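The values are calculated or read from the model by the stated rules, or taken from the named source; none is laboratory data. None of these values were measured; they are calculated from a predicted model. No Cβ is skipped: glycine too gets one built from the backbone with ideal geometry, and neighbour counts run over all protein chains shown.
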Amino acid sequence: MVRLYDKDTGAFIGEINDQQLQQLMDALEEESSIDRDYYINHAQLEFFEEQGLDQTLISLLRAALGSREGMEIVWGIS
């Protein structure tokens, strides 16, 4: 499983599977091949829905984002 965290606070967001991680990696820009963090905002989550990304993944990210404008998430393998 892949664990997601709020990069700023270190708070655990939740676990996703490899397929969900791949969808996230495909949908977001990576700064390098070893990049493990991503910036998300509400507009991106709406775009994810339009593109048919996994709804559980989107719900998890939406809950983590809450009312903030945006946030950075970081992932690691558990």
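I'd like to know if region 29-38 contains one or more residues that are closer than 18 Å to residue 11 by Cα, among the hydrophobic types (A, V, I, L, M, F, W, C) and surrounded by fewer than 14 Cβ atoms within 10 Å (Cβ to Cβ). No, region 29-38 has no match at all.
Scanning region 43-78 for residues that are of a type in the set (Lys, Arg) and either in contact (Cβ under 8 Å) with a residue 24 or more places away in the chain or closer than 18 Å to residue 3 by Cα (or both) yields a single hit, 62. Within region 15-51, the set of residues being at pLDDT 95 or above and small (Gly, Ala, Ser) comprises just one member, 43.
If the condition is being among the small types (Gly, Ala, Ser) and either touching a helix residue (DSSP H, G or I) at 6+ places or on another chain (Cβ under 8 Å) or part of a loop (DSSP other than H, G, I, E, B) (or both), then region 57-69 contributes 66, 67.
Can you give me the number of residues within region 39-60 that are of a type outside the set (Gly, Ala, Ser) and either over 23 Å from residue 8 (Cβ atoms) or loosely packed, with under 12 Cβ neighbours inside 10 Å (or both)? Spell out how you get there, then give the answer.
Of the residues in region 39-60, the ones of a type outside the set (Gly, Ala, Ser) are 39-42, 44-51, 53-58, 60.
Pick out the ones that are also either over 23 Å from residue 8 (Cβ atoms) or loosely packed, with under 12 Cβ neighbours inside 10 Å (or both) and you get 49-51, 53-56.
The number of residues fulfilling the criteria is 7.
Under the condition of being in contact with a Phe, Trp or Tyr (Cβ under 7 Å, 6 or more places away or on another chain) and of a type in the set (Lys, Arg), the residues counted in region 19-72 number 1.
So if I check each of 6, 54, which one is of a type outside the set (Lys, Arg) and touching a helix residue (DSSP H, G or I) at 6+ places or on another chain (Cβ under 6 Å)? Spell out the reasoning first.
Numbers: 6 fails: touching a helix residue (DSSP H, G or I) at 6+ places or on another chain (Cβ under 6 Å).
One residue alone meets the criteria, 54.
Of all the residues in region 1-28, those that are without any contact (Cβ under 8 Å) to a residue 60 or more places away in the chain, buried (at least 16 other Cβ atoms within 10 Å of the Cβ) and assigned to a strand (DSSP E or B) number 2.
Under the condition of being within 12 Å of residue 72 (Cα to Cα) and either out of contact with any strand residue (DSSP E or B) (no Cβ under 9 Å at 6 or more places or on another chain) or not in a loop (DSSP other than H, G, I, E, B) (or both), the residues counted in region 36-47 number 5.
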